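See structure below.
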Amino acid sequence: MCGIVGYIGTKKATPILINGLLRLEYRGYDSAGISTIEKDGLSIMKDKGRVKNLSNIPGIDDLEGTIGIAHTRWATHGKPSKENSHPHMDNSKSFSVVHNGIIENYNELRKFLGDNGYTFYSETDTEVIPNLIHYYYSKDNNNDDEKLLRAVRSAVLDLKGSFAIEVISKFDKDNMIVVRKDSPLVIGTCEDENYISSDIPAILSFTRDFYLLNDLEFVVLSRNNATFYDKDLNKIEKDTKTIEWNASAAEKDGYEDYMLKEIHEQPTAIRETIGSKLSEDAPIEFDELNFNKEYLSSLNKIYIVACGTAMHAGLAGKNAIEKLCKIPTEVDIASEFRYRDPIIDDKTLCIFISQSGETADTIAALKLSKEKGAKTLAVTNVIGSSITREADYSIYTHAGPEIAVASTKAYTSQVVLLNVLALYFTQILGCGDAKLNDLKKDILDLPRKIEETLKVCENIGEFAKEVYQEHDVFFLGRGIDETVAKEGSLKLKEISYIHSESYAAGELKHGPIALIEAGITVISIMTDSKLVEKTVSNIQEVITRGAKTLVITNQKVDQKMFDKTIVIPDTNPFISPILSVVPLQLFAYYIAKEKGLDVDKPRNLAKSVTVE
Ligand code: AGP
């Protein structure tokens, strides 16, 4: 979705802003723009298309300002165009604003401003903001240092919806004001400079010290200061948080694409996520949680709620929690959960999984669960993200920044963390048996086995070459393998634009088999010894109908039957998705490469989906 960058310091702002926008490209966008404070007032440059177009606008290199705001827009209100691009100014060209989010009551505000003589030049919801600021600024007769802050506050309190906003003004050439509500925004700080961004990786090369903002906290930023206010404009104190990620984690590091790099980072991501929580001979530790036996035994249900890939990780979490702890667990898509009136009370634990911690539907579902009395637990990769500020408890995957839109290392880290969590619950409940020690050992051995899996996948690109021109791919599996089939299918759709479906293998003959014919590829995952023969029979049916087959397995199968078989290392079924998904990630990757597509920034998609 939209991306925001800001700079206030001693250097020329424009190159820093452009660099920041380039680093936010992965979020998805269709236009870009910047505004800086120049000697003679505010400058604004913007256009539809890539950041490259923006940096080619004549005169952009001549901008001297050391304070500026910048934006990549992902169109919601109004088509991608120069007029609709951000920043937006008020009619008098005194205030420049960039905004990420949606102003739900913008029609009402437009009418109010129209009645007060304001004209609109774009179709966006955002354009009401600078005009509202102007409206309040011109009504305020006090010309003190906080005049701009007061005007921004009054305008912001009129807004309904979600927003992260940066404001600069020709009336205050030394400050910038930022505020957020339900949309991401962080402030990176270092000597004589402050950086603003929608997310941490974009400014990680400048600083690792960040201020994290709560909803409706206003910040006045100068070159060497950040002053924080609550929504009533009382000053508040805030400490910085030092982020452990290093700058190179947000670079490609010699890989052709972030996605490929992130696939290969999975052994490290898993190792870091397990961290010191799990060891062979000590009890599992979750310092962040204070669940006891009485609480866990009282639970009538656990809901796991998430979107996309994170929801697929939730399915593996359900499998572990139900089988190990015997607590009924349901997995829901956040956008459905929030509107389906789920049965929740104080005996329900709701777990929300989100790599970014900023997904609007997931956050809304979390808020709903809290209102209904459930305890809420966030599983996320980003410290200080919105979801962690809302949830009662937060636990972290330590996958490092994930830049490619298609999630890979976040998924496997989520699956491992949910398994460790399930083991932790069994430890508290006292319901574990000796077999759990084997699971612990297998989890600890995962990084090595992912390395091995990456090796056995080395020639999957060859198979991708054979099938990349096909139009339909089916992913099949039974039990835990079906959850991986779903993830494999999503990966392929996202980055290769090939139509794909995933099915429980046994469902095939209840309808979808009608679609199977020559020219269709069927990929099946078979890691469960009890189910492998049944899935092989299903595959036999598709072979008979002319489909090409790829099998991912750790079982003994007659490889001659299939066009390609990838044998992955054997492991405990609870964590088998962490290995079996790797060939599927690579398959999707190589198909997209064969088609010459931009794997890291697939069309129409955004890395963090901050609107409904
Ligand atoms: C994954 O490849 C997708 N880009 C998408 O499904 C993603 O997992 C989903 O939007 C949820 O994002 P989150 O984990 O940041 O909440």
Charge dipole (debye, nearest 20) of the chain; +1 at Cβ of Lys and Arg, -1 at Cβ of Asp and Glu | 660 debye
Once both axes come from the Cα atoms, what is the angle between helix 480-496 and the longest principal axis of the chain, in degrees from 0 to 90, rounded to 10?
-> 50 degrees
Per residue, how much accessible area does the chain show when a 1.4 Å probe rolls over the protein heavy atoms, in square angstrom?
-> 39 Å²
Looking at TYR424, SER386, SER356, which one has the Cα that reaches farthest to the positive end of the dipole of region 315-426 (charges on Cβ: Lys, Arg +1; Asp, Glu -1)?
-> TYR424
Which Cα, out of VAL156, ILE177, TYR135, lies furthest along the positive dipole direction of region 108-219 (beta carbon charges, K/R +1, D/E -1)?
-> TYR135
Straight-line reach from LYS139: which lysines have Cα under 23 Å away, leaving out those fewer than 8 places along the same chain?
-> LYS93, LYS111, LYS147, LYS160, LYS170, LYS173, LYS231
For 120-129, 549-558, 68-77, ranked highest to lowest by mean beta-carbon neighbours within 10 Å, the order is 68-77, 120-129, 549-558
Per residue of region 179-191, in order, report the coupling 6.51 cos²θ - 1.76 cosθ + 1.60 (Karplus, θ = phi - 60°) as ³J(HN,Hα) in whole Hz, putting x for Gly and Pro.
-> 7, 9, 8, 6, 9, x, 6, 10, 10, x, 10, 8, 4
In deg cm²/dmol, rounded to the nearest 500, the helical mean residue ellipticity at 222 nm of the chain, built from -39500 (n - 2.57) for every DSSP H run of length 4 or more, is -10500 deg cm²/dmol
Once a ≥ b ≥ c are taken as the square roots of the eigenvalues of the Cα gyration tensor of region 513-609, is the result rounded (a/c under 1.5), prolate (a/b larger than b/c) or oblate (a/b not larger than b/c)?
-> oblate
How many percent of the accessible area of the chain is carbon or sulfur, using a 1.4 Å probe?
-> 46 percent
Under 5 Å from the placed amide H of ILE523, counting only residues 5+ away or on other chains, we find PHE474, PHE475, LEU476, LEU550
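Which peptide among 360-367, 313-320 comes first, and what is the full order, when sorted by highest mean count of other Cβ atoms within 10 Å?
313-320, 360-367
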In sequence order, what are the phi-derived ³J(HN,Hα) couplings for region 607-612 according to the Karplus relation 6.51 cos²θ - 1.76 cosθ + 1.60 with θ = phi - 60°, rounded to whole Hz, with x for glycine and proline?
-> 5, 10, 9, 8, 10, 5
Could you work out how far helix 128-139 tilts from the main Cα principal axis of the chain, as a 0 to 90 degree angle to the nearest 10?
-> 30 degrees
Diffing region 227-242: the Karplus 3J(HN,Hα) column from phi (6.51, -1.76, 1.60, θ = phi - 60°), in whole Hz with x for Gly and Pro, holds 10, 10, 10, 7, 6, 9, 6, 7, 5, 10, 9, 9, 9, 7, 10, 8
Could you tell me which of TYR295, ILE343, ILE263 has its Cα farthest along the dipole of region 227-351 towards the positive end, charges placed at Cβ (Lys, Arg +1; Asp, Glu -1), taken about the Cα centre?
-> ILE343
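The values are calculated or read from the model by the stated rules, or taken from the named source; none is laboratory data. Please read these numbers as outputs of a predicted model, since none were measured by experiment. Because the Cβ atoms are built from the backbone with ideal geometry, glycine has one as well, and the counts that use them run over all protein chains shown. Note: accessible area is taken over every heavy atom of the protein model, side chains too, but ligands, DNA and RNA are not part of it. Shrake-Rupley method; radii C 1.70, N 1.55, O 1.52, S 1.80 Å.
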